[in-house]
Each structure stands twice: as C-alpha cells, then as structure tokens.
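First up is the structure itself, then whatever we jot down about it.
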There are 4 protein chains.
Amino acid sequence: MSNLKAPVVILNFKTYLESSGENALELAKALESASAESGITMVAAPQAIDIYKIKEETGIPVLSQHIDAVSPGGHTGSNLFESFVESGIDGSLLNHSEKRMTLADIAAVTKMLEDEKLISCICTNNVETSVAAATLSPTYVAVEPPELIGTGIPVSKADPEVVSGSVDKVKAIDKNVSVLCGAGISTGEDMAAAIELGAEGVLLASGIIKAESPKDALLDLVSKI
Amino acid sequence: MSNLKAPVVILNFKTYLESSGENALELAKALESASAESGITMVAAPQAIDIYKIKEETGIPVLSQHIDAVSPGGHTGSNLFESFVESGIDGSLLNHSEKRMTLADIAAVTKMLEDEKLISCICTNNVETSVAAATLSPTYVAVEPPELIGTGIPVSKADPEVVSGSVDKVKAIDKNVSVLCGAGISTGEDMAAAIELGAEGVLLASGIIKAESPKDALLDLVSKI
Amino acid sequence: MSNLKAPVVILNFKTYLESSGENALELAKALESASAESGITMVAAPQAIDIYKIKEETGIPVLSQHIDAVSPGGHTGSNLFESFVESGIDGSLLNHSEKRMTLADIAAVTKMLEDEKLISCICTNNVETSVAAATLSPTYVAVEPPELIGTGIPVSKADPEVVSGSVDKVKAIDKNVSVLCGAGISTGEDMAAAIELGAEGVLLASGIIKAESPKDALLDLVSKI
Amino acid sequence: MSNLKAPVVILNFKTYLESSGENALELAKALESASAESGITMVAAPQAIDIYKIKEETGIPVLSQHIDAVSPGGHTGSNLFESFVESGIDGSLLNHSEKRMTLADIAAVTKMLEDEKLISCICTNNVETSVAAATLSPTYVAVEPPELIGTGIPVSKADPEVVSGSVDKVKAIDKNVSVLCGAGISTGEDMAAAIELGAEGVLLASGIIKAESPKDALLDLVSKI
C-alpha cells in the first residue's frame, strides 16, 4: 500500500467495551462514514480478534494494534504476521505506550511490514525516541508523551515542542517519514494545532471512542483543517 | 458450557503456517470431520485472529490459546475477555509453556472463564505446578514437561509418573478437575498410554498440524481407545 | 535455616532513596537495633546490589526481594541463585505484586530455596492464590491485596477475611506454612489486628521506610503484641 | 568519566558459576592484571550483587550488566539507578540480547547515565538497530548478531559487513559514538579483525570466562593489536 493521503486520523480502539466485538464494527462504520463525509482519511486499529469482521463488512483501512516479532512455529498465544497479512490488514501500530516493544522487535516488524508494502506506525514518547524510530524508515512516527494519554490535555498544547521538534528532527533523518501527533487529542482545535506544528495526522482513542456520537466527534475533529 | 465428554483431544494450533488463516479453517474442518467419524470430542485452539472465521464456518468447540488478564480500558495490543466471549469461544488454554502467566493472572482469568461457564485449561510443567493449578478449580490441567514439547517423545513414555502423579494429586485437591496429557503425544499408542495413566484427554500440536493428512493423524490418534 | 521465631517483621526495602545504598545499611541497623530492644524477629529485604554490604556490617537476617529462575549460563542482567547463596542471604521474597512471577518460576525458585534450607516468602493477592502458593510448601505466604499496597489502609481492617481466610485455607493445605499479612500495615494496632487474625507476622515497606525514625516506627509496630 | 582509552575489552560476566561470587572477584583481578600487563583498557561487567565487592577490592572499571528504567519508589526486585551510582559503577551495558529493553527505556537509562557522566554501552543486533541506538548518543554501540553469541564463531569473520556497516553508519549519525564488536570473539585474531573493521573494542563473555586461564586468554586476545 502506498501512503495514505494526509492528513490521517488513526483511531486506536484499545480494549474498551465501546470498541470491542459488535461495538468495534459499529465504530469502524462510524469512521467510514465520517471519512466519506469529510474526505479525510480515517483508519481503524481494532483488537486482533475483531479484524476479520471489520475487513469483511467495511472498506476502511485497518491497522493492527500490535504485532509480535515471531516467525512461524511454536508461539502459543501470539498471532502470526502471516495471519495478519491474510486477514487483510493495511499495516500496524507498533510500540504503543501500553505495549512497548524492544528495539530489536520494532526494527524486525517494521521491516516485515515494509517488505509487504504495509503501513508501519511506530509510537514514541519523546523527541529522542522519535528520531531513533525514524532511522527505521517507518511510514509514521506517532509521538505521544505517555503522561498525557487519556487525559484530554492535547500534547499540541501541553508540550508543542515535542511535536515540532519531532517533525524537524525526524525529517532530518528521513523526509519520507510522517509524524503523527497523539495523546490527548480530541477536538477540532487540537487537531488543527497539531497540523500547524507539522504533524501529518493524529492518533487518538478514548476521546472519540467514549463520545456520545463517535461520528460527530470525528467530524468535529477534522472541522478546522 | 458443561464439561466436554471425555476423552478429549485439544489441538493447539500455535503459530504454524499450516494452522494459520485459511489453513486454520481447513484444520478446524479436519478436526470436525475426524470428531464426527470417531465420536471423540475434538477441540480447536487457533490464534485469536482466526477465531471468528472458525466459529462462523464450523461447529467445533474453540478455545483461545491465551487470554490476557485485562479489564475494559486502555490495553493496546490485547484482546478483551469480553471480545473473546462475544466471538463465541468455548474457553481458553492458559499458561502454556510458550506463554507463561503469573499466578495472579492465571487465577483471575480462570475465574473470569468460570463465571461465564467457559472451559479453562491450565497448562503446567510438573506435578507440583499441576497441584497448585488444581486449587483454582479449572476444567482441565494439562501437564506438559516443557523439555518434551515438540520432540515427538511422549510424556507418557518418557516420564509416566508426571502424568499419574498429577492425576492422583490433582484429584486429591479437586476431583472435578480433569488432567490432560501434553508434550510429545502424536500416535494412537501415545494417547492410549496417556488414558491408561489416568489422563482424560490430550493436548497436542505439531505432531498433528504437520502431518500429511491431519484428519488421518487424528483418526490414528484415537484409534486405540 | 530453620524457621524464624514468630511473629516476624519483614521490611521490604523496595527502591526508595531512603532504603538504598548507605541508607539501606542505616535502615538495616535500625531493624537490628529495634529487634534487639523488642525481642521480635526483624528481617531486611534490600535490593540485590546492597546485600553484601548489609551482610558484612550487620547480623540481621536478609531476604532478597526477588530471584530469577535461571541456571548458570548466559542470562545477562540477572543475578544467579548461587550468587545470592554465596552472598549469605537467608532466603527471598518471591512473586511480589511489583515483580510477579510465573507459576513455573515460583515453584522452581521455592524448590531451590528449600534445597538450600533457605526461607521462601511467596507474596499473593487473595485467598485463592494463597492456597495455590501453599501447595508449594514455602516458609511463608504473604497475602497482600495489591490495591492496598502503599495506601496506609491495613488489610487487617479493610479486608480482614482475606487474612483469616488465607490462614484457614493455607493451614488446611500445609500446616507448616505460615501466613504473613502485608499491604497497608504500619502501626502497632495494625500488627496486633493481623496477629489476631492468625497471621504469624507482617511484610511491610513504605510506612516504616519513610517514617521520621524507622527504629521508633518499628518499636511502635510491635508494641501491642 | 571521560571515554575509556581505545581499544577497550569489556567482559560480560553474565551468570556463569565461573564468574559469580568469589569467582567474580578472581575474574576481575585477572582482568586488572591482564590490563596492567598489556596496557589495554579492560572492563568488568559483573552481576549487580557482585559489584560492591569488586569495587572494594579492585581498581578496574565496572559496568552493570543492565539497569532498569525505574525512579525511586515501589519497584520490588529492581536495583535503583542511584544505588548503582553509589556502588561506584563506571557505567552500564544496556539492551543485551539476553535482556532486551524497550526503546523508551534504552533512551531513558542512556540519558540517566549521561547526566552522571557514566559510560553507556547499548547492545544491538544488526546495522539498523545500531543506527537507531546511535541517535541516542551512547558512549558505545556493541553490535552482536544474537545467533553468533556463545558460538565461538566471530562476527568479524561470519558477517564482517555488520561491523563495518555499523561503524560507517553510526559515525554518520554521531562521530563520538564508538562501535564495539561482540558475539563469538575470543582470540587475538578475532580482535585484530574487529579493530581492522573499525571497531574500537570488543564485548565478550564465555570465550574468556570459561578459559582455563582467563588472564592468559585476555593477554592472547590483545596480542595482535
């Protein structure tokens, strides 16, 4: 897959009841519908167990939330990379703050995704780790100071230089890597501020998942860009 | 779900190419067909990502290979217990030697499964840990000396007192807990020996998965009981 | 080492500045002195790096906070069991809520300690896991509901049946196993309540470590028994 | 501490019986003596539990094998960074293949070491991860293809472009970062080949630890440079 049209909105479904099972499918449809209405690229990142159903019933791009760096063999409890590919994913989040990976594993899975021309989105926690991640040439680096995740305080406001600094230094390493802004983003103002700082999209979760109407929240999110 | 009719054959699909994606579905159908022909209970334990498809297209009992002890919330990269339930699983393997769990998590997920009347199968590595697991009143304790897994050397031959000792001491703790025999089982003789030692079934993997005809291998497996 | 004279006070030094390096040695001396004055057994559980110095300069019993289940070989970053033995430890805490272990590893290290006649203290989080731990015949099971650790709310008050239930059921499994009461214990009243519920001692940390005078806090702790 | 004089020999003691407890002290003395005789910088990386004794009784530079990215507080089973500093370490290995760390933790501990002017040596598994590590400006990047560790097959022979490629690309990121060559190095010829490829030293373990005379083995190691 070639890169998605910027700006992108990636919704990490995490493991909320509101984004699991049947609700995951509903949420994916809300993303699809908000994307059609707004013309903005929107991407679902559901739990592994929910991927097949969403790929079957929607046309939205789907990322896995994580992929273990395992090869075919005896790895009970993991999902094989080849199984993800066969399920039709468009790529994967990697190294989310709730599922940190070793450097060796981040590099290995980023390479596996690249070899299949799939999207890789490496999550990082500050400028330093964003730069390190950029050397691996992922599609995206999503910078999220962990202390802001789930707070509703947007990183673009609390710590704008984390975003602009990541953009500057990531582009200096590899201009093909796009920086996404995560952590605390939920409103149209937050997203506009992120874009202004040089981000080419956002990675977000509970602010949309727990909204009364996720679709309306998504439309609001992209209303100022 | 009430207990499955003994003896049971549980096939851990692990992460082999032969048991992933479309191949997982084929394998589940082989199990279903071998079960119908032999009258012996056979159970599939596929990767989480393959569960939905197998539940949709077969009628075979399905266990997850593992369940994380997480509650609804922010646990990127996990699958929620409630998602598994919604997917229609009949239960789960827990604490496989390739995915060991903490004692606290084994206890928590065994309880979650019990509350939903689902099957729990705690894998253990020796008599001592089988006894400890039995105090948690799972449906099954599957004893597998890790050094024998994938060797083709059946525990029933290499170390029969691990099986008989587990049966005796597990039953002394809770007579409703059934002991399964894992590690190295692949032939009809192996399974017959396991049953003779008091096991109420077997947990197996590569010996069947990598057989030229998994269905024939399954029929051979249950041919001597 | 034969069991310690009940009741015992085990102080988990954790990784506070007040209980690290030179401060660890001071704290061990406070324990030694409070033990001499009160006649109550008191035990230090310092960081691995601080064990040698404390064994050299005090006569107090010392437990490690954790031991990895590794054999001699290539395990960079671990400390070998044999290194702990050589350092003169009297035993170890295992499976603390801040360092949970797999069931297989708890069983393996408990056995290694028993073979060297050293003390094993398995931490657990509720009655069910206390019972499972008791089947491994450790010296102590220290029950600590994790939600109370560091709160100052004693488990003996918040959830007394966790203590009394653990005592009853642990003794039913193996009457030689002693139950300790952890989580939130800091005053003489807390400890007296724990003993009343059948505990044969306490495991505690920040309440003493962060006291203005740890020695006075320890003397207060044992003043009502 | 300013950088050590190149070339350096770092001996990872791991958890062998030959490099634990009293044997660790003997081995450190062999390093000290071989260093004095040869004039080559030699560094010990013992288990945490053995650090104090080695610092007390030798004058050799000492690295920890690993440091957890924890702050003062409740982290039972870890050693605090401040405890390591107080023990007198000169720095630490990080991210060894037997103790991989998350990218966030590698970055955090590298920064902690830098702030104390201590040596950081980040272990990596290939050119890509060496480059990523170099962006964090550690003192050393030690490249070790994991499949060669402990084999006696030197990376300088089996896969020389991993070493030369790491040197070229690491220097392009930050010319102050030195590349060390690990995995399979044990003879004078191996070390000379590594230096020829641009490495500024070696990281090694079992080849020396298990030698009949570690001191002689060390002298042989540096005999061709």
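Between copies, D:Asp115 shows label-point distances of 4.0, 4.1, 4.2 nm, shortest first, with the point placed 7 angstrom from Cα along Cα to C-beta.
Across the identical copies, the label point of C:Lys169 (7 Å from Cα in the Cβ direction) is separated from its matches by 2.0, 5.1, 5.4 nm, in order from shortest. Among chain A residues, the beta-carbon with the smallest distance to the axis carrying A onto C is reported, with distance in whole Å, as A:Arg100, 9. The value of relative contact order for chain C, using C-alpha pairs under 8 Å at least six residues apart, is 19 percent. Of all DSSP beta bridges confined to chain A, the antiparallel ones make up roughly 0%. Residue separation of A:Asp168 and A:Glu22 scaled by 0.36 nm, minus their Cα-Cα distance, works out to 48.5 nm of gained length. The magnitude of the dipole of segment C:142-225, with charges of +1 and -1 set on the Cβ of Lys/Arg and Asp/Glu and taken from the Cα centre, is near 160 debye. Kirkwood hydrodynamic radius of the protein assembly as shown, from the reciprocal of the average inverse Cα-Cα distance over all distinct pairs: 29.1 Å.
Can you give me the relative contact order of segment C:150-225 as a percent, contacts being Cα pairs under 8 Å and 6 or more apart? Relative CO of segment C:150-225 lands at 34 percent.
Counts of other chain beta carbons within 10 angstrom of each beta carbon in peptide C:85-92 average 2.
Dividing the helix sum by the residues of chain D, where each DSSP H run of 4 or more adds -39500 (n - 2.57), gives a mean residue ellipticity at 222 nm of -11500 deg cm²/dmol. Taking only the Cα atoms of segment C:150-225, the radius of gyration and Dmax are 12.5, 41 Å. Maximal additional length on extending the A:Glu37-A:Ser213 stretch stands at 61.9 nm, based on 0.36 nm per residue less the C-alpha distance.
Other chains near C:118-129: what is the mean number of their Cβ atoms within 10 Å of each residue's Cβ? Can you show the working numbers first?
On the way: counts 0, 0, 0, 0, 1, 3, 3, 5, 4, 1, 10, 10.
Across C:118-129, the average partner-chain Cβ count within 10 Å equals 3.
Summary of the geometry: segment C:175-205 and segment B:82-156, compared by the centres of their Cα atoms, lie 32 Å apart. Tell me which of D:Gly59, D:Ser78, D:Ala6 sits at the most positive position along the dipole axis of segment D:1-98, charges placed on C-beta atoms (Lys, Arg +1; Asp, Glu -1). My answer, from the dipole projection, is D:Ala6. Take every DSSP beta bridge whose two residues both sit in segment B:1-131; close to 0 percent of them are antiparallel.
Per the Debye calculation on segment D:1-82 with a single equal scatterer at every Cα and no solvent contribution, log₁₀ I(q)/I(0) for q = 0.11, 0.18 Å⁻¹ amounts to -0.32, -0.78.
A Förster radius of 45 Å combined with the Cβ-Cβ distance from A:Glu56 to A:Glu196 puts the calculated FRET efficiency at roughly 0.75. Structure remark: mean-square fluctuation, Gaussian network model of chain C, C-alpha springs under 10 Å; the largest value among C:Pro154, C:Pro146, C:Pro138 belongs to C:Pro146. Using the Cβ of B:Ala45 as centre and a radius below 11 Å, the other residues enclosed give a net charge of -1, where K and R count +1 and D and E count -1.
Shielding value for D:10-22 is 5, the average number of Cβ atoms from other chains within 10 Å of each residue's Cβ.
For segment C:71-211, the Cβ-based charge dipole about the Cα centre amounts to some 80 debye (Lys, Arg positive; Asp, Glu negative; other atoms uncharged).
In summary, segment D:170-214 shows an alpha-carbon radius of gyration equal to 1.32 times the 2.2 N^0.38 Å reference for compact globular proteins.
When a/c is below 1.5 the answer is rounded, else prolate if a/b is larger than b/c, else oblate, so apply that to segment A:66-195 with a ≥ b ≥ c taken from the square roots of the Cα gyration tensor eigenvalues. Prolate shape, in that a/c is at least 1.5 and a/b is the bigger ratio. Rank D:Leu118, D:Leu80, D:Leu63 by mean-square fluctuation in a GNM of chain D with C-alpha springs under 10 angstrom and give only the top-ranked residue. Fluctuation is largest for D:Leu80.
With the simple spin-label model, which puts each label point 7 Å out from Cα in the Cβ direction, the A:Lys175 to B:Ala158 separation comes to 5.8 nm. Of all DSSP beta bridges confined to the protein assembly as shown, the antiparallel ones make up roughly 5%.
Modelled spin labels at D:Glu114 and C:Glu189, positioned 7 Å past Cα toward Cβ, are 5.1 nm from each other. Enclosing the Cα atoms of chain B in their convex hull gives a volume equal to 108 cubic angstrom per residue. Label-to-label distances for B:Glu189 across copies, nearest first, come out at 4.9, 7.1, 7.7 nm, using points 7 Å from Cα in the beta-carbon direction.
Computed from the coordinates by the stated procedures, all read-outs in this text should not be read as laboratory data. Please read these numbers as outputs of a predicted model, since none were measured by experiment. Glycine also receives a Cβ, built like all others from the backbone with ideal geometry; neighbour counts cover every protein chain displayed.
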